[in-house]
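The values are calculated or read from the model by the stated rules, or taken from the named source; none is laboratory data. As the structure is a prediction and not an experimental result, all values here were calculated from the model. Cβ sites come from the backbone with ideal geometry, for glycine too, and all protein chains shown count toward neighbours. Note: accessible area is taken over every heavy atom of the protein model, side chains too, but ligands, DNA and RNA are not part of it. Shrake-Rupley method; radii C 1.70, N 1.55, O 1.52, S 1.80 Å.
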Amino acid sequence: MLNYAETHFKFPVSRLYRKEPVILIDAPFQICPGLPCPTWLITRKANRFPVYINEVYGEWKNAKGQSISFKLPIEKQFDKSFHFEELDFEKPENCTGIWMLKIFIKYEINKKSKICERWNYPFLPPEPLIINFLKEPLPKPKGWLAGETHCHSSYTLDSVEFGAAPAVLQKTAKSVGLDFICITDHSYDLISEKKFQKMKNEIAGLDGVVAGEEISCGNSKNENVHLLAFGNENYVEGHGDGGRRWWNTDPDLPIQKAIEKSGVFCFAAHPKLQMLFAEKLLLKRGHWSYKDLTENKISGIEFWNGFRGKDFYEGRELWIKCLLAGHKLLPLGGNDAHGDLNSYTAVKQPLWSLKHNNEHIFGQVRTVIPDTGKIPFSELPENLYITDGPALWIEKGSLHARSTEDFGKFLSITIFRGEEGAEKIEQMKIDDSLSFDFEITLGNNLYTRAECETCMGKFAMTAAIYSPPVA
Ligand SMILES: [Zn+2]
Ligand SMILES: [Zn+2]
């Protein structure tokens, strides 16, 4: 559902329709120390509405009152259907912390000269880019890899939403601090084996990028739910809720058939996603149930889908229910960003209004796994944690927690022990430190897992470590 918003969806009538290409500027939301801050000018549908861009100008500002002004001449015609132009202008160097970037685009279209700030979306007030230049590298155990497990590329390109080019995602990932990304475009956007292979070929040349698919398939009520597959060789069809086949919204394959066809480990995407009534009714979209998760060969659940809202807490509850029943499902954290490198723009009401928030930003929520030298998720990770800041992991009978000045001191570190029918909660004693190592006993209960939160609202949680069976 989530995307760079598209404004050329005209039928039957749209308040958002414009005789202009979409023009916008995007850049990563955070930059690791010493890494570049790539910034892109994006044009979409300039083949239908060619535009001449004169220049880009603006100003960086931070809370210390520092500022940097810049002006970058572009002076060229844009006429491609989809284009990312990397912009080279002055950026804050050796000055960490949060910077605000106000940026303007001067362009000519239909013989008129225009200026827009950040984007030319109708009825959506401009917002500056907010970029956090981190003081320290991301906290992470040695020999582990941080990844984005749910994002959309430019192969998600339909009338209402579009993502970023794979090479743009790869370059952004490096600066943000990601070691790998799994691109999971919709089965209903990939359409066919041919387009899927084209995407795979384009991605094959990109180091650290795994091509996958977000497959629409049928739950036990024959409603469409989304399934994440990483590294599948072949396309798995799933057109039910794509909105192109309105006369038939039935899922193509039930969950288990889709998993078998993919031939890889599969994860339930956003099991309790909040959706519009229209999506349920017109696209026959549904939720994942306990039955769907436990009666199919699911490897884990992506219940952290960009932000911690109602769907996160409901998804986590469902996950715990599965854990307590002995189903060893992995938790997965992704963002479901469609482009959206700095903030998230999307359609609020179809044909009527757009929205802007921080709910689905590329690379913000990360899944961190031990590096085994294999392609991520080509084997099932034996351990992992998910985070939007601190590191938290259980290894060899110890619980470790690490934060940095960028993500703040710990407010709480909590251990959850799976026992008969419920979890037992244990608060760990903490002080002002950014680093903790606790020896913990494993084995007196079904499983052990942990969560932590920092004073900046950053959060991490581990997978459940099951106790070895008593001999
Ligand atoms: Zn989805
Ligand atoms: Zn998605």
Looking at 279, 237, can you tell me which residue is in contact with a Lys or Arg (Cβ under 6 Å, 6 or more places away or on another chain), in the same structural domain as residue 328 (by TED's automatic domain parsing) and in contact (Cβ under 8 Å) with a residue 24 or more places away in the chain? 279
How about region 263-283: which of its residues are modelled with pLDDT of 95 or more and away from ligand 2 (no atom under 16 Å from the Cβ)? 263, 264, 265
Quick count over region 212-226, residues being open to solvent by 10 Å² or more (accessible area, probe 1.4 Å) and within 14 Å of ligand 2 (Cβ to nearest atom), is 1
Can you list the helices (runs of 4 or more DSSP H) lying wholly within region 122-225 that have 2 or more residues being among the charged types (D, E, K, R)? 166-176, 193-204
Across (1) closer than 21 Å to residue 332 by Cα; (2) without any contact (Cβ under 8 Å) to a residue 60 or more places away in the chain; (3) in contact with a His (Cβ under 8 Å, 6 or more places away or on another chain), residue 170 clears everything bar (3)
Any idea how many residues of region 428-441 are open to solvent by 60 Å² or more (accessible area, probe 1.4 Å) and either over 30 Å from the mean Cα position of the chain (by Cα) or at positive phi (or both)? 5
How many residues are more than 19 Å from residue 227 (Cα to Cα), touching a strand residue (DSSP E or B) at 6+ places or on another chain (Cβ under 7 Å) and among the polar types (S, T, N, Q) if we restrict to region 136-186? 3
Take the residues in region 82-115 that are of a type in the set (D, E, K, R) and under 16 Å from residue 35 (Cα atoms), then tell me which one is surrounded by the fewest Cβ atoms within 10 Å (Cβ to Cβ). 93
Here are some conditions: (1) of a type in the set (Gly, Ala, Ser); (2) at pLDDT 95 or above; (3) surrounded by fewer than 18 Cβ atoms within 10 Å (Cβ to Cβ). Residue 159 meets all but one. Which one does it not meet? (2)
Counting only strands (runs of 3 or more DSSP E) wholly inside region 405-444, the ones holding at least 3 residues that are of a type in the set (D, E, K, R) and at pLDDT 95 or above are 422-427
Scope region 387-424; condition crowded, with 21+ Cβ neighbours inside 10 Å and acidic (Asp, Glu); matching residues: 388, 406
Which residues, taken from region 227-274, are of a type in the set (Gly, Ala, Ser) and more than 23 Å from the chain's Cα centre (by Cα)? 263
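Each row is one residue, and each column tells you yes or no for (1) open to solvent by 60 Å² or more (accessible area, probe 1.4 Å); (2) of a type in the set (Ser, Thr, Tyr).
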site: 228; (1), (2): no, no
site: 235; (1), (2): no, yes
site: 239; (1), (2): no, no
site: 245; (1), (2): no, no
site: 260; (1), (2): yes, no
site: 293; (1), (2): no, no
site: 301; (1), (2): no, no
site: 305; (1), (2): no, no
Report, by residue number, each residue of region 41-63 that is in contact with a Gly (Cβ under 9 Å, 6 or more places away or on another chain) and in a strand (DSSP E or B). 42, 62
Identify, please: which residue in region 184-211 is among the polar types (S, T, N, Q) and within 16 Å of ligand 1 (Cβ to nearest atom) and is, among those, surrounded by the fewest Cβ atoms within 10 Å (Cβ to Cβ)? 187
Among the residues of region 107-120, is any under 23 Å from the mean Cα position of the chain (by Cα) and either among the aliphatic types (A, V, I, L, M) or not assigned by TED's automatic domain parsing to the domain that holds residue 335 (or both)? yes
